[in-house]
1. Can you give the average number of partner chain beta-carbon atoms within 10 Å of each beta-carbon in peptide B:245-253, as a whole number?
2. Rolling a 1.4 Å sphere over the protein heavy atoms, what is the accessible area per residue of segment B:70-173, to the nearest Å²?
3. List the DSSP H helices in chain B whose Cα atoms stretch 20 Å or more along the helix axis and whose mean Kyte-Doolittle hydropathy is at least 0.0.
4. Please compute, for peptide A:141-151, the average count of beta-carbon atoms on other protein chains lying within 10 Å of each residue's beta-carbon.
5. When the distances between all Cα atoms of segment A:9-159 are binned every 10 Å from zero, what whole-number percent does each bin get?
6. Per residue in segment A:63-106, which ones lose no less than 10 Å² of accessible surface when going from chain alone to all protein chains (1.4 Å probe)?
7. Can you compute 3J(HN,Hα) from phi for each residue in segment B:138-147, using the Karplus curve 6.51 cos²θ - 1.76 cosθ + 1.60 with θ = phi - 60°, rounded to whole Hz and x for Gly and Pro?
8. What net charge do the residues around residue A:28 carry, taking every other residue with its C-beta under 12 Å from that of residue A:28, with Lys and Arg at +1 and Asp and Glu at -1?
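The values are calculated or read from the model by the stated rules, or taken from the named source; none is laboratory data. All of these numbers come straight from a predicted model, not from anything done at the bench. Methodologically, a virtual Cβ is constructed for each residue, glycine included, from the backbone with ideal geometry; neighbour enumeration extends over all protein chains shown. Note: accessible area is taken over every heavy atom of the protein model, side chains too, but ligands, DNA and RNA are not part of it. Shrake-Rupley method; radii C 1.70, N 1.55, O 1.52, S 1.80 Å.
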Amino acid sequence: MNAEVLLQNNVQAFLIHEADLLDRGLFGEWVDLFDEDGIYWVPSSPFQEDMLGQVSIILEDKELLKLRATRLAHPNAHAFSPRPSTVHLVANISTTLEGEDVIATSNLIMTVFRNDKENQLSGRVTHKLRKVLNGFRIQLKRVDLIQAGGAFSAITVPP
Amino acid sequence: MPVLTTPGKSLVETIFDLGHSKFHTRRIMVDNIDIEAIAGKQGMLARAYTDPEVFKLEMERIFQRVWIFVGHESQVPKPGNFRRTSIGTNEVLLVRQKDYSLKILFNNCAHRGTRLCAAAEGNRTSFICPYHAWTFDLDGTLKGVPDVESYPTSFDINDPSLHLKSAPRLQDYRGFIFASLSEQGPNLIDYLGKMTDAIDNLVDRAPDGIISVDGGHFRVRYSGNWKLHHENANDTVHPGFVHESSVTAARQSQKGKRGKAEPIDDGQTRGMMASNGLSPKDWNTIELNGMSNGHSFMSGFYKSGLLAPQRDDDVTRTYRTALEKAHGKKRTDAILGMDRFNNLIWPNLNVNSQFHQIRVVHPISVNETVIEGYCFRLKGAPEEIFYRSIRFLGTLVSPASMIFSDDLEIFERIQHGLENGKLERLDHRRGMATDKPLNGTGNFHSTTSSELPLRSQRAAWKYWMSAGQ
């Protein structure tokens, strides 16, 4: 296998693993995929460039993501009880190299089912991945939802 | 307009009827809906939240008559700027005129009723209907109709009924724009009463005296009645229960890591989450204020030491210096020390002056509501102050908020419970015996964990639902 195909395969396996952790509700393990200075970003508007000068649906560093995971594990996280069933469908993956890092872009369809109601979030996802021994760590995960700017119901499971 | 079969009480009478006195009950029937029965002293009937007929009447009698917040002046700075918003279930455009005055226009064409502007905001020299190109001036007057020769002589382009409908009254208070779809009614200043203090305070926090909506906004939807939002905002007992998961997580996180730099907001989010951990002792140190017209706010957080007025760091010191330069030290202390939270202007605005934010309530249907959250940039304040406001908004009003998502869940559970349960009347008697009237003002004050704000809202609801005009 040439290096390009190998990289594509490894990135795909990583993204599938990440989606699986989210769908199984293993948020602590999901947070562990982030680098120590990793950032998770869901902008509030399409084509948002400014990370700090504009509101974000989620803009969190690893400590805040841990806090988010801890809260979801609490028995009285009401919005999360009962726990929604989700499926994160990751597709249209492409990878490019940026120095030592890998930029992976993908499309996401996330279906959420809870209390007899179905909801969907979709978007374009950009991962900036750092290569480590046996895999990758997330430096930045950016999710540009096509619904950005619209009226959202509560979001508990990260897209 | 519905017909009133029995004249309603005066506003002052109604406000004082917060359940303290034993007014003799009479039936106030509006469109066959018994307002008196719904707005009981003990609490509202469940149908106030579930009956589409009641909702329809609310839209007519409350949202089409009282002052409704429609935007901030900075959102439409230049002639031709427009912004789409709603007054109850009516979609309207807030439009800056050529002479810089403002107008509210209904967003549908006088020809076939087509929605004129699909864009949420923008700049136009005129509004052209996409269907047959009827063209309206910025003030709503019809100025062009294609093939006008084919119309009979009775068709007059200058006929006002062919203009875009506009709000008969529009007034701003220090840049906060309110509109009323009724020709008559109290003037805005009287309507706002003590709530003007909250707006003053927000504007005064800008060293240069100018604030502007900036940094984007959120729109969050819940399947529940519009009243549930304001009823929850000044409830001091729920945070310890509803927000338990985020309080616990924040406290654990605080234990876990001290002194480590956090790149995103340096502990602000965690601190906000932890601050909801109110104990029964705390409930009774927060003071509640129920105004005439349904407004309310919480106070006493600084006085009791529950919260500190300002963080003590370089950013706040720089900011304070800029404010002192503009206002002097004494006035700066007063501005930064204003001890009022969640200033609810009934029925659709929440002003959080300290954190430079507002929330706006948009009823969609009897069981569907959209909440919008905005924050402000304070001219003359350090950029980091603006960033903190943005973080505050995200932590508190984002659909993914670790705090607000639990409130939304509760709103939906209330709605579900009321629609599918057996409860006939909700209860809002907590603190009823200890609320103190402030003489001659129509306002009440409480130093316990009272449901006074709910009773103020109920009184205003009852007044407007039954008052004839």
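1. 6
2. 50
3. Working: long enough: B:383-397 (21 Å, 0.48); B:404-420 (24 Å, -0.66); B:452-466 (21 Å, -0.64).
Answer set is B:383-397.
4. The shielding value for this peptide is 2.
5. Spelled out per bin, shortest first, that is 11, 41, 39, 9, 1.
6. A:63, A:64, A:67, A:68, A:70, A:71, A:74, A:76, A:78, A:79, A:81
7. Result, rounded to whole Hz: 4, 8, x, 6, 6, 10, x, 10, x, 6.
8. Working: positive: A:24, A:62, A:66, A:68, A:71; negative: A:29, A:32.
In short, +3.
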